[in-house]
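This report refers to the structure that appears directly beneath it.
The values are calculated or read from the model by the stated rules, or taken from the named source; none is laboratory data. Here the structure is a predicted model, which is why all the values come from computation and not from measurement. Note that we place each Cβ from the backbone using ideal geometry, even for glycine, and neighbour counts take in every protein chain shown. We work out accessible area using only protein heavy atoms, side chains counted, and drop any ligands, DNA or RNA first. Shrake-Rupley method; radii C 1.70, N 1.55, O 1.52, S 1.80 Å.
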Amino acid sequence: MECDGFGFGIVLVAPQIPQNTGNIARICAATNSELHLIEPLGFSLDNAAMKRAGVDYWKAVKMSLWKGWDFFLEKQRERRLFFFETGTYPPYFTASFQPHDIFVFGRETKGLSQRILSLSPQSIFSIPILNPSVRSLNLANCVSIILYEAIRQNLLRKKISALC
């Protein structure tokens, strides 16, 4: 059975690790979510590791490449943006996600810039890390956590017991 999903968007701002992007592309294909890549990328889109991580699902990925954050933002005026960052921000499960929301993640080594975070301070959330000696989680894992939480919330709202 096929499902159109909820029209979520995943944004990777200046991703650096091709395998993460490939894994995230596969997650987007599995959930019928859009993948937005914001340049500069730390790799070529022809990177073998990225293609391998996405397996043979690339045809199912709705992907857009943007020359920079401002170009992306200009086209998203009607959609809600949520930003995810490490730190003392409210936990992701306190957010209420709706169809067509966009989830924004920063580069693996630096996260999101203060310029981007300052756009909507009330829309910044974190994934709690319980062990203080762990700085962060893998980017693809973070995208999975957030995307499937958004799907869970929306399935509950529709009172659907099984995925589509």
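Of note:
- The stretch 95-110 residues near the modelled Arg79 label - backbone nitrogen below 11 Å, point 7 Å along Cα→Cβ: 100-104
- The candidates Leu139, Leu130, arranged from most to least accessible area with a 1.4 Å probe in the full protein assembly, appear as Leu130, Leu139.
- Taken along its three principal axes, the alpha carbon spread of the stretch 95-145 comes to 33, 24, 18 Å, from the longest extent down to the shortest.
- Note on the stretch 1-129: Lys pairs 8 or more places apart or on different chains, Cα atoms under 20 Å apart, count 5.
- For the stretch 18-94, the list of GluC sites (Glu not before Pro) that fall in a loop by DSSP and count at most 14 other C-beta atoms within 10 angstrom reads Glu78.
- Note that the chain presents 56 Å² accessible area per residue, ligands and nucleic acids not counted, probe 1.4 Å.
- Computed accessible area, Arg157, all protein chains, 1.4 angstrom probe, square angstrom: 120
- Sulfur and carbon atoms: percent of accessible area, the chain [1.4 Å]: 54
- Approximating the spin labels as points 7 Å out from Cα along Cα→Cβ, the Leu137-to-Arg152 distance works out to 1.0 nm.
- Each residue, Asp70 and Ser113, gets one label point 7 Å from its Cα in the Cβ direction; the gap between the two is 1.0 nm.
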